[in-house]
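The values are calculated or read from the model by the stated rules, or taken from the named source; none is laboratory data. Please read these numbers as outputs of a predicted model, since none were measured by experiment. When we count neighbours, we look across all protein chains shown, and the Cβ atoms used for this are built from the backbone with ideal geometry, even at glycine. Areas reflect the complete protein model, heavy atoms only, side chains present, ligands, DNA and RNA absent. Shrake-Rupley method; radii C 1.70, N 1.55, O 1.52, S 1.80 Å.
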Amino acid sequence: MKIVMHCVYFPPEVGGLESHVYHVCRGLVERGHQVAVVTSRSMPGLRRHERVNGIDVYRTALPGRNPFGWIMHSATSTPRLGALAREADLVHAQAFQSVLPAVVSKRVAKIPVVTTWHTSHFLKRATSPFWRPIFRKLIEWSDYNLAASEEIARVAEEIAPGTIVEALTNGVETDLFRPVEPTLPHAGRKRIIVPRRLFEKNGVEYFIRAFPRIRAATGAEAVIIGDGPERGRLERLAEQLDVLDAITFMGARPHEEMPGLLSSGDLAVFPSLMEATSVAALESMACGLPVAASRVGGLPEIVDDQVGGLFEVADPFDISDVVVALLERSDLEKVGAFARERVVTNWSNARLVERHLEIYEALIGVKR
């Protein structure tokens, strides 16, 4: 089978969507299928074409990381996608920015289109009078729609009544993300890992506001793994709250370093203001970490009292209460072990790839 995917961002970009698309593509290649990805030159020095672990990756211009940039990338990437689609069995659009070029390719090559609706960007725009009719058309034009969470699926079905959207939680490469030798030295105190890019929607500010109470109650330290435009402001906030000496801002780290870093912690915290389904939370659980997360979006679909705890959005007091209660548990390691077991059972990439193949084969069978 020949599959071509369109995704605005792809590794070496770091993020849940990027990780999801890469591992699905690699899983398809390992099962003997040919996969090409059309994406953007989103970082300096990226080649227009390269082969990454059997995946053909084609990159076109991205004028900006905003709606204008996405629209221009969709336009400039459509010729490349269309050319690849002529030799493919199916095209898969990863997120709403990819649907229009995929639908154009569908009409040129007369092949099915699958769309996966990802990220809080979709949820944020779903109520907009401008975006809502656009989304309805994009959903209706797709031959099969997937969603990264139950919430996204429900919203998509509300936008396009009569359309079925299958909720299929993003997966984790559980052979890579597993308990390993810790990268960070043992500190003699509890360590909280916050694997979040430093954008406002990820809510790291509220974890930092909660941290003085957490530190006073437990003596814990925190390691924030991720970078972004909020970093300077968050570092100043930590200094103002007199906790900067107990918080390490590590910046962005390569994907392959994450298992060792996650395995260096006792608890992972996700204080998101918006979230689809967090691949980073699933990766933390796969590494044997309990997870404390906001009660928002798709996070309650993967996190509960058996694997960690949930707190109210943007509430430093509730964050600190939940985190302290978890850190004081004597069975925290058992909670983490159960978290990994849950991911392996329900959200491994092997399961995810098999479901993709079932969908692809059904659509291609209909076409033939």
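When restricted to residues that are closer than 17 Å to H92 by Cβ and either among the β-branched types (V, I, T) or surrounded by fewer than 18 Cβ atoms within 10 Å (Cβ to Cβ) (or both), the stretch 108-137 contains 8. Restricting the first member to the stretch 184-205 and to residues that are under 15 Å from A280 (Cα atoms), and the second to residues that are assigned to a loop (DSSP other than H, G, I, E, B) and basic (K, R), the beta-carbon pairs closer than 6 Å and six or more apart or on different chains are N202/R196; V204/R196.
Mind listing whichever residues of the stretch 58-75 are surrounded by 15 or more Cβ atoms within 10 Å (Cβ to Cβ) and in a helix (DSSP H, G or I)?
First, pick out the residues of the stretch 58-75 that are surrounded by 15 or more Cβ atoms within 10 Å (Cβ to Cβ): 58-60, 62, 69-70, 72-74.
Listed by number, the residues that qualify are G69, W70, M72, H73, S74.
Looking across the stretch 301-328 at every residue that is in contact with a helix residue (DSSP H, G or I) (Cβ under 9 Å, 6 or more places away or on another chain) and within 16 Å of T169 (Cβ to Cβ), the one that is surrounded by the fewest Cβ atoms within 10 Å (Cβ to Cβ) is identified as E301.
Taking the criterion of being touching a Cys at 6+ places or on another chain (Cβ under 8 Å) and buried (at least 22 other Cβ atoms within 10 Å of the Cβ), would at least one residue in the stretch 262-280 satisfy it? Yes: one or more hits. Within the stretch 84-101, residues that are surrounded by 24 or more Cβ atoms within 10 Å (Cβ to Cβ) reach partners that are among the charged types (D, E, K, R) with beta carbons closer than 7 Å, at six or more positions or on different chains, in the pairs V91/K106.
Collect the residues in the stretch 322-367 that are of a type in the set (S, T, N, Q) and touching a residue at least 12 places away in the same chain (Cβ under 8 Å), keeping them in residue-number order. Break it down stepwise before answering.
First, pick out the residues of the stretch 322-367 that are of a type in the set (S, T, N, Q): 330, 345-346, 348-349.
Answer for the stretch 322-367, where residues must be of a type in the set (S, T, N, Q) and touching a residue at least 12 places away in the same chain (Cβ under 8 Å): N346, S348, N349.
Mind telling me which of the residues E354, E333 ends up being open to solvent by 10 Å² or more (accessible area, probe 1.4 Å), acidic (D, E) and closer than 23 Å to R215 by Cα? Give the derivation first.
On the way: E354 fails: closer than 23 Å to R215 by Cα.
That would be E333, the only listed residue that is open to solvent by 10 Å² or more (accessible area, probe 1.4 Å), acidic (D, E) and closer than 23 Å to R215 by Cα.
Test P179 against the stated conditions and say whether it is closer than 29 Å to E312 by Cα and either out of contact with any Pro (no Cβ under 6 Å at 6 or more places or on another chain) or surrounded by fewer than 24 Cβ atoms within 10 Å (Cβ to Cβ) (or both). Here the answer is yes, as P179 does meet what is asked.
Candidates E140, E150: the one that is out of contact with any helix residue (DSSP H, G or I) (no Cβ under 7 Å at 6 or more places or on another chain), open to solvent by 70 Å² or more (accessible area, probe 1.4 Å) and within 15 Å of E166 (Cα to Cα) is E140.
Restricted to the stretch 245-259, and to residues there that are buried (at least 16 other Cβ atoms within 10 Å of the Cβ) and part of a helix (DSSP H, G or I), the residue that is modelled with the lowest pLDDT is H255.
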